[in-house]
Structure formats: C-alpha cells, structure tokens
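Read through the structure below, which is laid out as structure tokens, and then see the notes.
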Amino acid sequence: VEDDDIPSTSMAITRKRRKRYASTEETSDGVSKSVRRVFASMMGEEEEDEEEEREGEPATAKPSAGDVFALEMELDRENKKMMKEKRPRSKLPRALRGLMGEANIRFARGDREDAILMCMEIIRQAPLAYEPFSTLAMIYEDQGDMEKSLQFGLIAAHLNPSDTEEWVRLAEMSLEQDNIKQAIFCYSKALKYDPTNVRYLWERASLYEQMGDHKVAMDGYRRILNLLPPSDGEHFMQLARDMSKSYYEADDLASAIGVMEEALLKHKSLVSVEDI
C-alpha cells in the first residue's frame with residue numbers, strides 16, 4: 001500500500017471541509033430523485049420535428065409509474081449481468097454508433113445544441129446505452145451546469161457500473177453539491193468492483209462518520225486494518241489509535257481495548273508507552 005493511499009493524520013475522520021448535509025431529494029439508496037425523474041422523462045420524450053410530422057396521430061403517453069419501475073428492474077438485471085462479465089458490453093446498437101460519434105464531434109466543435117439533440121435521439125432508440133448519457137454529462141459540465149451534469153453522469157454510471165473511477169468522480173461531485181449520502185452510495189458502487197481499495201474504504205468510512213453512523217464507520221476502518229500489509233505498521237498503528245479513541249468516546253471500552261490489543265500483537269515494536 002502506497003503512503004498516498006491512506007491519509008496520514010488522525011481520524012480527522014470528520015473532515016471539517018466536508019461538513020455537508022444530505023439532500024432531502026433522495027431515494028433510500030442515496031440516489032437523487034431528480035436522477036430517476038430525468039431518466040423517466042427521457043423514455044417519454046419525442047423530438048419536436050417528429051411530432052410535427054405526426055400531426056393527427058395520438059400523442060405519446062407519458063410513462064406511468066409502472067413503466068418507470070419496469071425500467072429500473074431492467075437496469076438492475078442488466079447491471080447484474082454486466083457484473084459477471086470482465087468487460088461491460090456496450091448497449092449501443094451498431095446502427096447508432098455513427099450518430100454517437102457525430103454527437104461527440106459536434107460537442108468537440110462547440111455545437112452543443114446539436115450534440116444534445118443527437119444524444120436525446122440515441123437515448124430514445126437505445127435507452128440502455130450509457131454513451132449518450134456520458135456525453136450529455138460532459139456537455140452540461142462544460143456549460144457549468146454541474147447539477148444536470150451529475151444527474152446524467154449517475155445515469156451513465158448505472159448503465160456502465162464497472163467503471164470505478166467514474167463512481168469516485170461522481171462521489172466527489174456529489175460532495176461538492178452537499179450530498180453526502182449520494183457520495184457514500186457512489187463509493188459503495190466503486191467498492192463492488194474494487195473491494196480492497198483502501199482509499200475508497202477510507203473515504204466512505206469517513207463520510208459515514210460525518211453522518212453519525214459510528215458503527216458502520218468503524219467497520220470500514222477495521223476492513224482497512226485487515227488489508228494493510230505487515231510492512232505498513234506505521235499506518236496500522238495510527239489508524240488503530242484513532243479507532244481506539246473513537247470507540248472510547250462512544251463508550252465502547254471493549255472495542256477500544258480490542259483494537260489496541262490487536263495492534264500490540266501485530267506490531268509490538270511500534271507500541272508506545274502512551275498506547276499501553
């Protein structure tokens with residue numbers, strides 16, 4: 001484990017620079033309701049030009065709650081299939097790849113409006129393809145609309161869940177928008193595909209502590225202790241001391257003593273008089 005992987009200071013776990021509160025616009029899993037609304041609305045949108053050509057035809061009905069639920073179930077099934085694969089398969093049909101490439105070219109040239117329309121058309125025809133959502137996220141980020149960028153980024157990540165770096169980026173964006181719960185959700189997604197990543201574990205545990213969920217936070221730190229190699233004794237001792245102090249402050253004396261006893265057994269030469 002590299003030194004950069006683990007914060008060197010104590011559990012300043014409660015990082016003051018991240019004193020943020022979860023948004024009330026969330027579902028139980030930490031994902032903003034607006035994200036789900038955006039995806040649902042996508043499924044019922046028609047291009048204006050097409051509607052003009054179809055005058056006289058009955059208007060397309062907006063998706064019902066059942067339609068949205070069915071879509072979420074389909075996404076869940078797709079994600080489970082993709083978890084079993086080493087490389088996620090693109091859901092973008094071959095016939096639409098040219099249009100997707102053109103949308104990216106238009107965006108690169110600064111023609112955002114046309115790029116957005118192209119992405120919307122691709123989504124209409126292939127709603128389980130992550131590429132147009134990812135491009136839309138970049139477009140809105142480029143425009144400075146970080147809230148909308150995050151919404152589309154989350155949809156893209158749900159459709160391409162094995163991209164751990166993208167989940168971490170979305171976690172950081174969520175924190176910038178004062179949504180700790182959603183950030184925790186994103187780190188949890190990243191950890192599904194990289195369960196031994198110490199940095200992800202640390203970030204999530206510190207966020208749980210900020211949320212006041214002491215037990216889950218301590219469980220996260222204990223996982224880090226179990227992952228540290230014998231050669232990383234200094235980090236082990238520092239984290240053990242911080243955990244012991246936190247357990248003590250929470251009136252959990254048994255756990256406070258237990259974590260220091262474990263440190264004594266594994267790294268006896270690094271134990272100080274103060275530790276005893």
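Candidates are the residues of region 223-243 that are under 24 Å from VAL168 (Cα atoms) and without any contact (Cβ under 8 Å) to a residue 24 or more places away in the chain; the one that is surrounded by the fewest Cβ atoms within 10 Å (Cβ to Cβ) is ASN226. Note on region 253-270: among residues that are open to solvent by less than 50 Å² (accessible area, probe 1.4 Å) and out of contact with any helix residue (DSSP H, G or I) (no Cβ under 6 Å at 6 or more places or on another chain), the one that is farthest from ARG199 (Cα to Cα) is GLY258. The one condition from (1) farther than 17 Å from PHE185 by Cβ; (2) in a loop (DSSP other than H, G, I, E, B) that PRO161 does not meet is (1). For region 196-221, the candidate set comprises residues that are of a type in the set (D, E, K, R) and surrounded by 19 or more Cβ atoms within 10 Å (Cβ to Cβ); within that set, the residue that is farthest from GLU172 (Cα to Cα) is GLU209. On the basis of being among the small types (Gly, Ala, Ser), at pLDDT below 95 and either in a helix (DSSP H, G or I) or surrounded by fewer than 19 Cβ atoms within 10 Å (Cβ to Cβ) (or both), does ALA190 make the cut? Here the answer is no, as ALA190 does not meet what is asked. Taking the conditions (1) at pLDDT below 95; (2) under 30 Å from ALA129 (Cα atoms) in turn, LEU175 satisfies each one other than (1). You will find that of ALA240, ALA183, ALA190, ALA205, the residue that is within 26 Å of HIS158 (Cβ to Cβ), of a type in the set (Gly, Ala, Ser) and in contact with a Leu (Cβ under 8 Å, 6 or more places away or on another chain) is ALA183 and no other. Scanning region 175-192 for residues being in contact with a Phe, Trp or Tyr (Cβ under 8 Å, 6 or more places away or on another chain) and of a type in the set (Ser, Thr, Tyr) gives a total of 1. Against the condition open to solvent by 30 Å² or more (accessible area, probe 1.4 Å) and either assigned to a helix (DSSP H, G or I) or touching a residue at least 12 places away in the same chain (Cβ under 8 Å) (or both), how does ALA183 come out, does it pass? No: the conditions fail for ALA183. For region 167-180, state whether one or more residues are among the charged types (D, E, K, R) and over 11 Å from the mean Cα position of the chain (by Cα). Looking through region 167-180, at least one residue is among the charged types (D, E, K, R) and over 11 Å from the mean Cα position of the chain (by Cα). Residues in region 171-178: is at least one on the phi > 0 side of the Ramachandran plot, surrounded by 14 or more Cβ atoms within 10 Å (Cβ to Cβ) and not in a helix (DSSP H, G or I)? Yes, there is a match, as at least one residue in region 171-178 is on the phi > 0 side of the Ramachandran plot, surrounded by 14 or more Cβ atoms within 10 Å (Cβ to Cβ) and not in a helix (DSSP H, G or I).
Scanning region 107-147 for residues that are surrounded by fewer than 17 Cβ atoms within 10 Å (Cβ to Cβ), under 19 Å from the mean Cα position of the chain (by Cα), without any contact (Cβ under 8 Å) to a residue 24 or more places away in the chain and in a helix (DSSP H, G or I) returns a single hit, GLU141.
The values are calculated or read from the model by the stated rules, or taken from the named source; none is laboratory data. It should be emphasised that the depicted structure is a prediction, and the values quoted were computed from it without experimental measurement. With ideal geometry, Cβ positions are generated from the backbone for all residues, glycine too; neighbour counts draw on all protein chains shown. Remember, those area values only see protein heavy atoms, side chains included, never the ligands or the DNA or RNA. Shrake-Rupley method; radii C 1.70, N 1.55, O 1.52, S 1.80 Å.
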